[in-house]
1. The conditions are (1) within 25 Å of Arg24 (Cα to Cα); (2) part of a loop (DSSP other than H, G, I, E, B), and Met65 fails exactly one of them. Which is it?
2. Being buried (at least 18 other Cβ atoms within 10 Å of the Cβ), in a helix (DSSP H, G or I) and of a type in the set (A, V, I, L, M, F, W, C) is the filter here; which residues of segment 100-109 pass it?
3. Consider segment 142-160. How many of its residues are hydrophobic (A, V, I, L, M, F, W, C) and part of a loop (DSSP other than H, G, I, E, B)?
4. Which residue, of Val118, Val83, Val68, is under 22 Å from Gln10 (Cβ atoms), at pLDDT below 95 and surrounded by 14 or more Cβ atoms within 10 Å (Cβ to Cβ)?
5. If you take the residues of segment 15-62 that are in a loop (DSSP other than H, G, I, E, B) and modelled with pLDDT under 70, which of them is nearest to Arg94 (Cα to Cα)?
6. Kindly check whether there is at least one residue in segment 69-89 that is among the aliphatic types (A, V, I, L, M), out of contact with any strand residue (DSSP E or B) (no Cβ under 9 Å at 6 or more places or on another chain) and touching a residue at least 24 places away in the same chain (Cβ under 8 Å).
7. Hey, could you check segment 121-141 for residues that are touching a Phe, Trp or Tyr at 6+ places or on another chain (Cβ under 9 Å) and in a loop (DSSP other than H, G, I, E, B) and say which is surrounded by the most Cβ atoms within 10 Å (Cβ to Cβ)?
8. Out of Leu112, Leu97, I need the residue that is assigned to a strand (DSSP E or B) and of a type in the set (A, V, I, L, M, F, W, C). Which one?
Amino acid sequence: MSVGDPVIGQESPLGEDLALLFERHTADMHADTPPESIHMLPRAELERPEIAFFVLREGGVPLAMGAVKRIGPDHGEIKSMHVLTEARGRGHSRRMLEALIAYARAEGMARLSLETGVQPTFIAARGLYARAGFVECLPFGDYQPDPNSVFMTIALSDRD
């Protein structure tokens, strides 16, 4: 991988050099989750006014992505968080999650929620979210109960 300090910035999800991130994210989501339980947004749908999309780059190379979608006046949802396999184990997931939480807080959101899978491939992600203060919750927004989904949330106003 390239050298240089990781930098996280808000970008368009349609950036030409982001194809690998989206290919890997899509493959991971389809690896062991039934299609009806996959809630990721297609790449083009992440380019919307209510969604802030972020990329972590190291030496200019995109290694991770994540987004926050405003789903209510003071409620956001984490979408499409992914770190390339070869870049894992270096704290990039934690950095991206911290950046998404900071963005939501700066935008005045009081709550940030997410949906993730129950499958073994999501164990590390669920641990990351729990360590950051997320707790399991009921389905939120337009979600319905799903045996393949875990819903988590964090109150941002209590963590100042």
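1. If we test Met65 against (1) within 25 Å of Arg24 (Cα to Cα); (2) part of a loop (DSSP other than H, G, I, E, B), just (2) comes out false.
2. Leu100, Ile101, Ala104
3. Of the residues in segment 142-160, 1 are hydrophobic (A, V, I, L, M, F, W, C) and part of a loop (DSSP other than H, G, I, E, B).
4. Going through Val118, Val83, Val68 in turn, the sole match is Val83.
5. If we take residues in segment 15-62 being in a loop (DSSP other than H, G, I, E, B) and modelled with pLDDT under 70, then Met40 is nearest to Arg94 (Cα to Cα).
6. no
7. Here the answer is Phe140.
8. Testing whether each residue is assigned to a strand (DSSP E or B) and of a type in the set (A, V, I, L, M, F, W, C) leaves just Leu112.
The values are calculated or read from the model by the stated rules, or taken from the named source; none is laboratory data. No experiment lies behind these values; they were computed from the predicted model shown. Reconstructed Cβ throughout: ideal geometry from the backbone, glycine too, with neighbour counts over all protein chains shown.
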